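One structure below.
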């Protein structure tokens, strides 16, 4: 794979990455804004009460079902923003290079010419290659691959925290659902062990009461929104792995270059 094809694939990957992370942010922000008042039932004073309206990491208590600390949702919403900005910049950069400059397009393509040297005809085969002098980007493949690996881990941590918060709310609300519906025996067992999280969040959408000071308004599909966010987040992790592989392979090809400043 020459440099042109590598950068074209990177352009596609970075564009998809920015789109997926944007979807993740929107699909978490919508249920967070929808539920943050209704789930803000923490005991204590006013300052304490405003900090537990997150749809992630909900907690079932003997008196109510409380949301998780707002910091969980704020992290899930705002943590991907720097990555989105970086992905957009890199997508535009590679798009410019492959669509306008055609950098590296003919790399590795062989050309054959006839040359006459001292009265003898000699077949000369040459290979078009991007050199250090006309494309300084080759100096940056190694640091770019390292940065991609760091951002991949960053995105992985975000995905793990968001997924854990989703399943904790699902697990905790099972107990609240059994209490609110006054179920016992086989019905309670079915709620705890048979219903999937989508069904649990469907019950939450229609069964959970509004808070005393506010109404949620129209119903939303909380489970589908959060599951779409999780899918987009984990898909972005996979894309980061692909980007790391592409940049690492290119860095290996240009391994004689140590830093962006040259040898």
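Bear in mind these aren't lab numbers, they're just calculated from the coordinates by the rules spelled out. Predicted, not measured: the structure shown is a model, and the values here were computed from it. Every residue, glycine among them, receives a Cβ derived from its backbone with ideal geometry; neighbour counts consider all protein chains shown.
Taking a point 7 Å out from the Cα of residue 154 in the direction of its Cβ, the residues of region 232-252 whose backbone N falls within less than 15 Å of it are 237, 240-241, 244. With each label modelled as a point 7 angstrom along the Cα→C-beta vector, the residue 147-residue 51 pair spans 3.6 nm. Working from label points 7 Å from Cα in the Cα-to-Cβ sense, the residue 199 to residue 187 distance is 1.4 nm. For an R0 of 51 angstrom, estimate the FRET efficiency from the Cβ-Cβ distance between residue 99 and residue 171 and round to the nearest 0.05. E between residue 99 and residue 171, to the nearest 0.05, is 0.60. Each of 179, 36 was scored by other Cβ atoms within 10 Å of its Cβ. Listed from fewest to most, they are 179, 36. With the cut-off at under 19 Å, measuring from each backbone N in region 144-173 to a point 7 Å along the Cα-to-Cβ line of residue 61 picks out 168-173.
Fewest to most neighbouring Cβ within 10 Å: what's the order for 13, 42, 146, 54?
Fewest to most other Cβ atoms nearby, the residues stand as 146, 42, 13, 54.
Label separation (residue 81 vs residue 164): 2.4 nm, computed from points 7 Å beyond Cα along the C-beta direction. As a rough footprinting exposure proxy, the listed residues 178, 98 were ranked by other beta carbons within 10 Å of their own, and the order from fewest upward is 178, 98.
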